[in-house]
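Below: the structure, in structure tokens.
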Amino acid sequence: MAKLSLQEQLLKSGLVSSAQAKSVKSDKRKQTQQQRKNNVEVVDEAKNLAQKAQAEKIERDRELNQLRQQQDEKKQLVAQIKQIIELNRLPRDAEGLAYNFTDSNKVKRLYVSETMRDQIAEGRLAIVKLGTNYEVIPVDAARKIQQRDAASVIVFNEQNKAADVADDAYAAYQVPDDLIW
């Protein structure tokens, strides 16, 4: 079976008359002759639209990839913070003293031992948020978390000891041990 052109197939099926086929063929031949004579390039609108659609698709894909990459980086940061907290968290004392702090303008309470409470106040320990829970961690781990996401660190009492010493006018005077207020 010989391969038939589309024009011949349409003629055989009766969808196009022979007069219509001849006029299309002559129009096409005239157009190619004009192109050769005038060295004019015919604008192929379908080709231009296809290239434009391709360029838009590439741009959309680039934006989606960038968005996915940002989401992946955010997930990695959250995973790193979670890992740091879980590796460095200190055990709390349920029967210890209450340490009150604020988180999003709400007062929260965490029960810790007396030494932990003093260390938090002095700035040697910090309180961080892990999901809906709060954990007590050392200062080094809190600094690492603060570099990644400052909002995760809830209580971090950094004290500038050099400034405290310089501002204290009574630093040279000793307080007697038997002084009672």
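The values are calculated or read from the model by the stated rules, or taken from the named source; none is laboratory data. Worth saying up front: this structure is predicted, and the values here are computed from it rather than measured. Positions of Cβ are backbone-derived with ideal geometry, glycine not excepted, and every protein chain shown enters the neighbour counts.
Taking the criterion of being assigned to a loop (DSSP other than H, G, I, E, B) and either modelled with pLDDT under 75 or surrounded by 10 or more Cβ atoms within 10 Å (Cβ to Cβ) (or both), the residues of the range 133-174 that qualify are 149, 156, 157, 158, 159, 160, 168, 171.
From the list 5, 17, 13, the lone residue that is more than 54 Å from the chain's Cα centre (by Cα), surrounded by 10 or more Cβ atoms within 10 Å (Cβ to Cβ) and over 30 Å from residue 146 (Cβ atoms) is 17. Of all residue pairs spaced 6 or more apart or on separate chains, those with beta-carbon atoms under 9 Å, a first member in the range 107-132 that is assigned to a helix (DSSP H, G or I) and a second member that is surrounded by 12 or more Cβ atoms within 10 Å (Cβ to Cβ) and of a type in the set (D, E, K, R) are 114/93; 116/92; 116/93; 118/124.
Annotation: of all residues in the range 15-30 being assigned to a helix (DSSP H, G or I) and in contact with a helix residue (DSSP H, G or I) (Cβ under 7 Å, 6 or more places away or on another chain), the one that is nearest to residue 5 (Cα to Cα) is 21. Hey, any hits in the range 39-61 for a residue that's closer than 30 Å to residue 137 by Cβ and of a type in the set (Lys, Arg)? No, the conditions are met nowhere in the range 39-61. For the range 69-81, check the following and say yes or no: at least one residue is in a helix (DSSP H, G or I) and over 30 Å from residue 139 (Cα atoms). For the range 69-81, residues in a helix (DSSP H, G or I) and over 30 Å from residue 139 (Cα atoms): present.
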